[in-house]
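The values are calculated or read from the model by the stated rules, or taken from the named source; none is laboratory data. This structure is a prediction, so every number in the text was calculated from the model and none was measured. Positions of Cβ are generated from backbone atoms using ideal geometry, with glycine treated the same way; all protein chains shown enter the neighbour counts. What goes into the accessible areas is simple: the full protein's heavy atoms, side chains included, and nothing from ligands, DNA or RNA. Shrake-Rupley method; radii C 1.70, N 1.55, O 1.52, S 1.80 Å.
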Amino acid sequence: MHTKFSKNLTKYRKRCGLTQSQLAEKLSVTPQAVSKWENGSLPDSEFLPRIAFVLGISLDVLFGLAQEQEEPDLEQMISDKIRHTAAEERADVVMQLFYAVLTAYHDYKLSKQTCPENLELETFAELKSDYECAIARLNDDLKYFCFLKIPENGVNAYIEDTDTMVRLFETLADKDALRIIHYLGSGMRNRMQSLGMISSRVGMPVEKVRQVMDRLDRFGLVWRVSVEISDDPSIVYGYVNSMPLLFILTMAKSLTRYIRFHDLYIDTWKQGPFRMPDVANTDPVPQISFWDAEPDGSKQSIEGGIHNEEM
């Protein structure tokens with residue numbers, strides 16, 4: 001059994017793409033301990049469930065007492081779960097799945113983690129790494145999840161044209177534009193409206209509505225159609241139900257409320273998602289402390305005075 005354990009430990013460690021040192025770090029042991037286990041020693045019993053969990057196998061498989069079952073079709077399982085869930089309940093299932101994804105990055109936890117309910121404070125789950133980042137709002141009044149896979153060279157190439165984004169943000173900085181967007185976004189599908197109708201509904205001058213609608217048209221957020229229902233042709237507008245805009249506005253609100261409370265927070269990043277090799281922004285940062293040691297062993301206070309006595 002010792003031999004089977006050692007061989008399987010080596011086999012499944014390599015399958016997970018882990019070095020002995022990386023596995024040791026996940027188990028909070030030394031690399032020498034892992035090396036001994038792979039050369040015939042058995043770990044203390046308390047480590048066995050943890051080893052199996054990290055390697056994604058059962059203890060029976062780890063000890064060679066059972067064959068590893070064929071890996072389940074996870075995508076099909078998720079698809080079946082969503083398909084067989086009532087439409088009004090799917091959003092909660094999706095949030096639970098996303099939350100479970102984030103908890104997987106806390107790979108030192110053995111117990112199943114479930115999405116919290118009935119939160120009194122505005123609470124978020126966040127993930128920041130060199131490869132992905134994600135944020136989820138967990139409160140029942142409004143839940144969302146946003147996940148970004150960071151390209152190898154950063155997000156810069158995709159958003160390097162900042163002029164168009166500046167024009168968009170200038171438009172969104174207009175309270176009247178936001179009010180019109182809210183009104184348009186509350187409508188039904190395939191609703192076309194004239195400037196006069198929008199003007200009367202939002203209580204703004206027609207010319208102001210025209211200016212806003214023309215700006216929204218340039219961003220593809222509305223479309224214009226020429227109609228002839230009388231001797232005087234006119235233009236009517238339809239609203240594009242823009243998901244990116246919806247997320248921009250929703251997450252902007254979260255940002256302005258200052259994200260303070262987390263149910264889950266994973267922070268492992270060493271470089272930001274904006275990879276700019278031509279700009280030096282990756283130099284090591286100095287460590288900050290309230291006391292700086294002097295050459296003679298004394299300490300300098302925050303106020304600048306020298307204290308030789310122990311504080």
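Things worth noting here:
- Filtered by the rule that a residue be closer than 18 Å to SER234 by Cβ and of a type in the set (Phe, Trp, Tyr), segment 183-218 gives no residues.
- Matching residues in segment 198-255 - criterion: being of a type in the set (A, V, I, L, M, F, W, C), crowded, with 16+ Cβ neighbours inside 10 Å and in a strand (DSSP E or B): VAL222, VAL236
- Among the residues of segment 163-191, the one identified as surrounded by fewer than 14 Cβ atoms within 10 Å (Cβ to Cβ), among the hydroxyl-bearing types (Ser, Thr, Tyr) and within 17 Å of ARG215 (Cα to Cα) is THR164.
- Identification of strands (runs of 3 or more DSSP E) wholly contained in segment 75-194 with 2 or more residues that are in contact (Cβ under 8 Å) with a residue 24 or more places away in the chain and farther than 25 Å from LEU216 by Cβ yields 123-128, 132-137, 144-149.
- Residue ranges of helices (runs of 4 or more DSSP H) in segment 1-64 with at least 1 members within 22 Å of ALA104 (Cα to Cα) and open to solvent by less than 60 Å² (accessible area, probe 1.4 Å): 2-15, 20-27, 48-55, 59-62
- Applying a threshold of 9 Å to beta carbon distances and a minimum spacing of six or more residues, or different chains, the list of pairs starting in segment 208-231 at a residue that is modelled with pLDDT of 90 or more and ending at one that is surrounded by fewer than 16 Cβ atoms within 10 Å (Cβ to Cβ) and of a type in the set (Phe, Trp, Tyr) reads ASP217/TRP223.
- Scanning segment 140-158 for residues that are farther than 15 Å from LEU255 by Cα and either open to solvent by less than 50 Å² (accessible area, probe 1.4 Å) or within 16 Å of the chain's Cα centre (by Cα) (or both) returns PHE147, LEU148, LYS149, ILE150, PRO151, GLY154, VAL155, ASN156.
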